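Just so it is clear, none of the values below were taken in a lab; they were calculated from the coordinates. It should be emphasised that the depicted structure is a prediction, and the values quoted were computed from it without experimental measurement. Reconstructed Cβ throughout: ideal geometry from the backbone, glycine too, with neighbour counts over all protein chains shown.
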Amino acid sequence: MTNNVTEFPKRDDVDIEAAQAYFDDLIDRDLRIEPADWMPDAYRKTLTRQVSQHAHSEIIGMQPEANWILRAPSLKRKAILIAKVQDEAGHGLYLYSAAETLGTPRDELNQQLLDGKAKYSSIFNYPARTWADMGAIGWLVDGAAIQNQVPLCRTSYGPYSRAMVRICKEESFHQRQGWEILYTLAQGTPEQKQMAQDAINRFYGPALQMFGPPDAESPNSKQSMAWKIKRFSNDELRQRFVDMIVPQCEALGLELPDPDLKWNEERGHYDFGELDWDEFFAVIKGHGPCNAQRMARRREAHDNGAWVREAAAAYAEKQAAEADTAVA
Ligand code: FAQ
């Protein structure tokens, strides 16, 4: 896609002031920044951080659900769950591809995760204890992901915004399948209904924390919003999410575990209680219930995949050599 502005000279003869003006113009006019465009180093750095951490979240996010593939209550539920987990792998791959266009190779991004230097979403450090958790993850976790990611379809960096379009379509299906699992359980025996309620009780707070710290404690938000990487603040998106899930939960016949949750006529939004931010910061520093387990599993999977990477590299080398011979 070409931007509808004057062609800008390429890297070697860049006049920084003119380049900055060109970049600012693209942002002001709500056009997309593309990989070959000049961009400020800090824009490149924060996008690489956000997009790669988003990719890591999709990959680590497969673990809590993969754990239930063998335990799904029917063949149909198993097939749906396998498809969902595969979708998450695909999302990780689109996002790593988008992140790579900013100049850092995928191996390096992956190494940052394996070394514990890059974050991934706090939510995936909580255990999935029962089948109802597959419902709560689909409804609340994918629901929060959609709320956060639909605006990212209009994010200012072209490859990221285009990856998000397809991801959001798949996430909406995921959210519905989660709601449907909870709905089925809520119509079942008292024990099944209680299992669904218990899953909501455990995932509600952590799902609200997926949107990140409160705006006053979000160091990246101001600049990311000025660059139109983020279109809404963490608190704005969290509020939209609460407003969306309250009626959905009523339709389930279940409750959200927050005694302070009530409609505020004046604001036109639901008020909700303070979240446990000490817990959130502990989780993102690596002290959540499953951080160690998630990282150990990821490192093990990476090591087990070494032969595949080696085989692919050897095959690519052989193909290149054959192509050279054919040319000669
Ligand atoms: N977890 O200044 P801010 C999914 C970090 S995908 C961990 O507000 P920012 C699909 C943040 O990185 C879920 N860390 O940061 C799925 C920063 O630290 P840093 C992932 C968090 O970037 C479903 C520091 O705190 N989605 O669920 C979290 O402006 C089911 C200060 O925060 C995305 O990544 C957190 N929750 O805003 C898969 C969406 N929140 O990096 C499988 C794209 C904040 O400076 C199964 N990302 N931090 O060291 C974003 O929209 C933003 O990056 C935010 C954070 C909103 C997450």
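By how many nm would the segment from residue 311 to residue 30 grow when fully extended, if each residue of separation counts as 0.36 nm and the alpha-carbon distance is taken off?
Stretched out fully, the residue 311 to residue 30 stretch lengthens by 96.8 nm.
Efficiency by 1/(1 + (r/R0)^6): what FRET value for residue 281 and residue 115, r their Cβ-Cβ distance, R0 = 22 Å, to the nearest 0.05?
Computed FRET efficiency for residue 281 and residue 115 comes out at 0.60.
Give the value in nm², to one decimal: projected area of the alpha carbon convex hull of segment 22-163, averaged over all directions.
9.1 nm²
Any chance you could check the Cα centroid distance between segment 96-114 and segment 66-81 for me, in angstrom?
If we compute the Cα centre of each part, the gap is 31 Å.
Taking the Cα-to-Cβ direction at residue 269 and at residue 226 and moving 7 Å from each Cα, how far apart do the two end points lie in nm?
That separation, rounded to one decimal, is 2.3 nm.
Helix 306-327 against the longest principal axis of the chain: what's the angle in degrees, Cα atoms only, rounded to the nearest 10?
30 degrees
Would you mind computing, in nm to one decimal, how far apart the modelled labels at residue 260 and residue 324 are, each placed 7 Å from Cα along Cα→Cβ?
Each label point is offset 7 Å from its Cα along the Cβ direction, giving 6.6 nm.
Any chance you could give the angle, 0 to 90 degrees and rounded to 10, that helix 158-186 forms with the longest Cα principal axis of the chain?
Approximately 10 degrees, to the nearest ten.
Not counting the cut sites, what is the longest span of the chain without GluC sites (Glu not before Pro) that DSSP labels loop and that have at most 12 other Cβ atoms within 10 Å?
That gives 8-264 as the longest site-free run.
So if each residue of separation counts as 0.36 nm, and I subtract the Cα-Cα distance between residue 184 and residue 106, what length gain in nm does that give?
Contour length minus the Cα-Cα distance gives 24.0 nm.
Expressed as a fraction of 2.2 N^0.38 Å, the rule-of-thumb size for a compact globular protein of N residues, what is the C-alpha radius of gyration of segment 45-104?
Here the answer is 1.35, to two decimals.
Give me the orientation-averaged projected area of the Cα convex hull of segment 174-328, in nm², one decimal.
16.2 nm²
Report the Cα-based extents of the chain along its three principal axes, largest first, to the nearest Å.
Principal-axis extents of the Cα atoms in the chain, largest first: 73, 53, 33 Å.
Using Cα-Cα distances under 8 Å and only pairs 6 or more residues apart, what relative contact order does segment 10-102 have, in percent?
With pairs under 8 Å counted, the relative contact order is 31 percent.
Dimensions of segment 86-178 along principal axes (Cα, Å, largest first)?
If we take the Cα atoms of segment 86-178, the spans are 41, 31, 20 Å.
Quick one: which residues, 5 or more positions from residue 33 or on another chain, have an amide H under 5 Å from its amide H? H modelled 1.01 Å from N in the peptide plane, none for Pro or chain starts.
The answer is 157, 158.
Between residue 300 and residue 17, what is 0.36 nm times their sequence separation minus the Cα-Cα distance? Round to one decimal in nm.
Extra length from residue 300 to residue 17 when fully extended: 97.1 nm.
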